[in-house]
Amino acid sequence: MRIGITCQSSTGGSGILATELGMALGKRGHEVHFVTTETPVRLTRFQENVYNHSVDMITYPLFRLPPYSLALASRISEVAEEFNIQVWHAHYAIPNAVAAQLGRDMLPKEKRFSLVTTLHGTDITLVGSHPSFYRATRYGMESSDAVTSVSNWLSEETEREFHLTRPVRTIYNFVDSERFKPRPANRAALAKDDEKIVMHISNFRPVKRVTDVVRAFRKMLEQVNARLIMLGDGPERIGAMGVARQLGITERITCLGNVENVEALLPAADLIFQPSEHESFGLVPLEAMACEVPVLVTASGGITEVVEQGVTGYLCEVGDIDAMARCGVEILSNPDRAREMGRHGREHAIRRFSPELIVSEYEALYEGLLTSREHQPDRS
Ligand code: GMT
């Protein structure tokens with residue numbers, strides 16, 4: 001098949017998933033064309049069958065904000081026409097689904113692709129449900145030939161919030177367990193020999209509740225000797241470090257900023273700690289599980305479909321710092337239990353969230369759309 005993909009190119013789970021999907025489809029022999037603002041973070045190396053087209057933008061003083069979505073729609077339309085794209089896959093509803101629909105409308109009828117939109121979470125829960133985007137988000141979904149979401153929780157939230165005329169189908173995210181696996185990591189570069197490593201990875205947005213990471217870590221320190229490694233960057237980092245200063249634990253925290261090869265650092269962690277307000281899926285905990293690292297998360301959103309309570313890690317109530325600290329200490333001070341959780345985590349990741357399984361689900365979805373199109377050639 002010839003497939004187009006649009007996604008966010010900044011660091012973030014939706015762009016990562018879309019990129020991994022595109023690369024996996026390319027390996028299966030499909031021709032994949034990305035259209036994005038910048039090269040997506042995990043698409044920096046050449047791979048056969050995978051192409052990246054960036055969106056050209058002019059800046060003109062008349063525009064206070066450049067109309068990026070229109071440039072995106074134009075580029076999607078051009079690429080779709082030039083490469084005879086059959087299926088366009090928009091990841092993250094705003095603006096990608098709407099731009100793809102507009103790009104499709106610009107094409108002659110016989111060149112129009114089938115449109116799949118995958119919802120990743122904040123495109124529904126925070127951005128899409130905001131009054132300024134609600135109608136556009138709903139329109140993007142209703143115009144798509146299929147809408148998928150990354151967890152049952154998000155599918156239900158979407159149906160409840162947007163009253164769509166067709167059901168949203170859940171297709172879980174996946175992890176490459178060859179890339180994310182236990183491997184000898186350079187622990188010495190991250191922590192002292194006698195320190196346990198607690199790791200947090202995110203885009204440091206408010207939904208990630210990074211100050212809860214710092215507060216709960218402070219309590220863990222009462223019982224274990226540990227270091228907190230923070231990967232990623234974003235608006236909440238400065239505030240979180242301010243809290244760390246007030247609590248007098250800055251020397252126990254290392255901020256590494258954005259790191260491209262997360263798979264090289266993750267296996268060094270003794271615990272991954274993500275106390276988010278909600279996660280629609282939780283790609284970081286899944287990658288940690290594939291590396292045999294136990295996870296500590298909040299029981300909020302689709303992450304409850306990924307992490308098994310007491311088996312692959314612990315789920316605590318949002319904001320319950322004491323419970324998080326207790327669960328963290330339990331994992332950090334019981335190496336046998338931690339190893340067992342890690343093993344279960346990897347098994348679970350491979351059994352339920354492998355690329356073989358999930359990429360095949362997307363492939364079947366695309367094929368189904370193309371087949372039904374053959375039977376209704378004048379549909380668009
Ligand atoms: O976290 C965000 O702000 C947006 C988005 C992203 O691009 O990273 O994250 C969402 O998509 C990921 C991939 O499907 C999910 O693993 C994350 O759980 C989800 N984030 C939230 O729901 C907060």
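The values are calculated or read from the model by the stated rules, or taken from the named source; none is laboratory data. It should be emphasised that the depicted structure is a prediction, and the values quoted were computed from it without experimental measurement. Cβ coordinates were reconstructed from backbone atoms using ideal geometry, including for glycine residues, and neighbour counts include every protein chain displayed. The protein model used for the area step is the full one, side chains on, heavy atoms only, and it has no ligands, DNA or RNA in it. Shrake-Rupley method; radii C 1.70, N 1.55, O 1.52, S 1.80 Å.
Dipole magnitude for the chain: about 480 debye, using +1 per Lys or Arg Cβ and -1 per Asp or Glu Cβ, origin at the Cα centre. In the context of the full set of protein chains, the stretch 26-122 has a per residue accessible area of 49 Å² (1.4 Å probe).
A simple rule links phi to the HN-Hα coupling: the Karplus curve 6.51 cos²θ - 1.76 cosθ + 1.60 with θ = phi - 60°, which for the stretch 194-211 gives 8, 9, 6, 10, 9, 10, 10, 10, 6, 8, 6, 8, x, 4, 7, 6, 5, 5 Hz, with x for Gly and Pro. Could you provide, to the nearest whole Å², the per residue accessible area of the stretch 187-352 with probe 1.4 Å? So the stretch 187-352 comes to 39 Å² accessible per residue, rounded to a whole number. Over 28 Å apart at the Cα level, from the set K181/K219; K181/K208; K27/K196; K192/K219, are K181/K219; K27/K196.
The residue among L315, G4, T250 whose Cα reaches farthest toward the positive pole of the charge dipole of the chain, with charges on the beta-carbon of Lys, Arg, Asp and Glu, is T250. Among the protein heavy atoms, those of H89 account for about 0 Å² of accessible surface (1.4 Å probe, every chain in place). Based on the Kirkwood approach, the hydrodynamic radius assigned to the stretch 1-108 is 13.9 Å, with every pair of different Cα atoms included.
Charging the Cβ of each Asp and Glu at -1 and of each Lys and Arg at +1, and nothing else, the dipole of the stretch 187-352 about its Cα centre rounds to 240 debye. The label point for R28 and the one for K192, both projected 7 Å from the Cα toward the Cβ, are 5.0 nm apart. Mean projected area of the Cα convex hull of the chain, taken over all directions, amounts to 19.4 nm².
Between S144 and any residue 5 or more places off or on another chain, the built amide H atoms are never under 5 Å apart. In the stretch 187-352, the portion of solvent-accessible area held by carbon and sulfur atoms comes to 44 percent [1.4 Å probe, whole percent, DNA, RNA and ligands not counted]. Paramagnetic label reach from R183 (point 7 Å along Cα→Cβ; backbone nitrogen cut-off under 14 Å): within the stretch 239-273, residues 260-269.
Straight Cα distances below 22 angstrom link K111 to none of the lysines, with same-chain residues fewer than 8 positions distant left out. Of the solvent-accessible surface of the stretch 66-173, computed with a 1.4 Å probe and all protein chains present, 53% belongs to carbon and sulfur. For the stretch 187-352, the direction-averaged projected area of the alpha-carbon convex hull comes to 8.3 nm². Packing here is the average count of other Cβ atoms within 10 Å per residue, and on that basis the peptides 258-268, 55-65, highest first, run 258-268, 55-65. Under the simplified labelling scheme, the S54-S354 pair shows an inter-label distance of 3.8 nm, with each label point 7 Å from Cα along Cα→Cβ. Close amide H partners of C316, meaning residues 5 or more places away or on another chain with modelled amide H under 5 Å apart, are V297, T298, A299.
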